[in-house]
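The values are calculated or read from the model by the stated rules, or taken from the named source; none is laboratory data. The structure displayed is predicted, hence computed values, not measured ones. Don't worry about glycine lacking a Cβ; one is built from the backbone with ideal geometry, like all the others, and counts go over all protein chains shown.
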Amino acid sequence: MEAILEVKDLKKYYKESKAVDGLSFNLYKGEILGFLGPNGAGKSTTINILSTILKHDDGEIKFFDREMKDNAKWIKQQLGIVPQELAIFEEISAYKNVEFFTSLYGISGKNLKNAVLEALKMVGLEDKKDSKPITFSGGMKRRLNIACAIAHKPKILILDEPTVGIDPQSRNHILESIKKLRDNGTTIIYTTHYMEEVEEIADRVVIMDKGTKIAEGTIMQLMESYKNTRIYKISIDISKRQEFKYDFLYEIEGIQKVELNENCLSVTTIKEIENLDKIILSLVHRNIKISHMTSEEGNLEMVFLKLTGRKLRD
Ligand code: ADP
Ligand code: MG
């Protein structure tokens, strides 16, 4: 695998916080690298440093084997950046927006026109090319923002939480467009705090927390120790009980962990062992009313929880 970006021991400190604190990772040609972490993990700070918008305090960054500090101008031309905050002009047409950003890369004439139309098509806005973003939904604005970042055909596309607060249809559209771009040869860093998105599109994942990497690998690798795990979430009625003890559940074969949060029992069990009937029976025998139950298999949330003791999203 060819590393087209190498980050070593990156640091960015603010007075109040260590936003990035010794982060190292590689980006390999042709992959979608999912950059997963809770709010405040340091994702945007890292992305802004890689985009050359922000200066870092320490560490090494090499794009295509070239030191960033000596080649910033050339590197910028290889990148497409979709920042966390929208960066579009509301009062000029979608077409003119993409045209403006693309022309900054020195593209002009017929090439420019083709590039703009192709980018608008990629995000599904070709029919809206003459409309102004002020009339768009949040999701359409996001898609336009992506079109602005891809029309010059960057080798590396970096997206910072592009699906926050948008409708499911636009979200799916964005994820599909990103996969299509990857299949056409673009290498992608996709930042998010939604583990479902990472599970859906990433070839590899860097999990970040408190400014540093806490895990890295393919989704299969990260979930290796969870592939045999299932969690039952059982809502029970314990409102009348002072204290509810659940030790008796550990007597059932296969059960690894039981936790109670408010009125929800989380029972972690080995997937292969069929013990759901026993779990339910032992609750019913103790006159515990079950109001709801769901079942989850191993996911990245569990990986994060195990590594940090916290949930990805509170
Ligand atoms: P994320 O994108 O993962 O949510 P950020 O990179 O935005 O995280 O922030 C990481 C940490 O750095 C947070 O604690 C945030 O408050 C802090 N931070 C980010 N930018 C600044 C800044 N300009 N000044 C001071 N602190 C900052
Ligand atoms: Mg952010």
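Structure data summary
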read-out: Flag for residue 294 being surrounded by 11 or more Cβ atoms within 10 Å (Cβ to Cβ), polar (S, T, N, Q) and not in a helix (DSSP H, G or I); value: no
read-out: So residue 75, is it within 16 Å of ligand 1 (Cβ to nearest atom) and either over 21 Å from residue 199 (Cα atoms) or surrounded by fewer than 23 Cβ atoms within 10 Å (Cβ to Cβ) (or both); value: no
read-out: Yes/no for residue 203 being closer than 30 Å to residue 179 by Cα, away from ligand 1 (no atom under 16 Å from the Cβ) and in the same structural domain as residue 30 (by TED's automatic domain parsing); value: yes
read-out: Residues (of a type in the set (Gly, Ala, Ser) and under 27 Å from the mean Cα position of the chain (by Cα)) located in the stretch 109-132; value: 119, 124
read-out: Some residue of the stretch 67-88 being aromatic (Phe, Trp, Tyr) and either within 16 Å of ligand 2 (Cβ to nearest atom) or under 25 Å from residue 174 (Cβ atoms) (or both); value: no
read-out: Only one of 211, 254, 185, 217 that is free of Cβ contacts under 8 Å to residues at least 24 places away in the same chain and within 30 Å of residue 83 (Cβ to Cβ); value: 217
read-out: Whichever residue in the stretch 93-108 is farther than 15 Å from residue 140 by Cβ, surrounded by 14 or more Cβ atoms within 10 Å (Cβ to Cβ) and not acidic (Asp, Glu) and, among such residues, is farthest from the chain's Cα centre (by Cα); value: 107
read-out: Residue 191 assigned by TED's automatic domain parsing to the domain that holds residue 91, over 19 Å from residue 86 (Cα atoms), in contact with an Asp or Glu (Cβ under 7 Å, 6 or more places away or on another chain) and of a type in the set (Ser, Thr, Tyr); value: no
read-out: Residue, surrounded by the fewest Cβ atoms within 10 Å (Cβ to Cβ), within the stretch 178-192, restricted to residues that are within 11 Å of residue 33 (Cα to Cα) and more than 16 Å from ligand 2 (Cβ to nearest atom); value: 182
read-out: Tabulated pairs, the stretch 79-90, first assigned by TED's automatic domain parsing to the domain that holds residue 104, second hydroxyl-bearing (Ser, Thr, Tyr), C-beta under 6 angstrom, 6+ apart or interchain; value: 81/51; 84/44
read-out: Close pairs (7 angstrom Cβ cut-off, 6 or more residues apart or separate chains): without any contact (Cβ under 8 Å) to a residue 60 or more places away in the chain and in a helix (DSSP H, G or I) in the stretch 109-127, of a type in the set (A, V, I, L, M) and surrounded by fewer than 20 Cβ atoms within 10 Å (Cβ to Cβ) anywhere; value: 115/107; 126/117
read-out: Considering residues of the stretch 128-140 that are charged (D, E, K, R) and in a loop (DSSP other than H, G, I, E, B) only, the residue farthest from residue 91 (Cα to Cα); value: 129
read-out: Search result, residues across the stretch 196-220 that are under 23 Å from residue 10 (Cβ atoms) and in a helix (DSSP H, G or I); value: 198
read-out: Flag for residue 158 being within 16 Å of ligand 2 (Cβ to nearest atom), of a type in the set (A, V, I, L, M), touching a Phe, Trp or Tyr at 6+ places or on another chain (Cβ under 9 Å) and outside any helix (DSSP H, G or I); value: yes
read-out: Subset of the stretch 246-288 [among the hydroxyl-bearing types (Ser, Thr, Tyr) and part of a loop (DSSP other than H, G, I, E, B)]; value: 246
read-out: Members of the stretch 223-245 found to be modelled with pLDDT of 90 or more and either in a loop (DSSP other than H, G, I, E, B) or buried (at least 18 other Cβ atoms within 10 Å of the Cβ) (or both), listed by number; value: 230, 231, 232, 234, 236
read-out: Some residue of the stretch 65-83 being among the basic types (Lys, Arg) and under 18 Å from the mean Cα position of the chain (by Cα); value: no
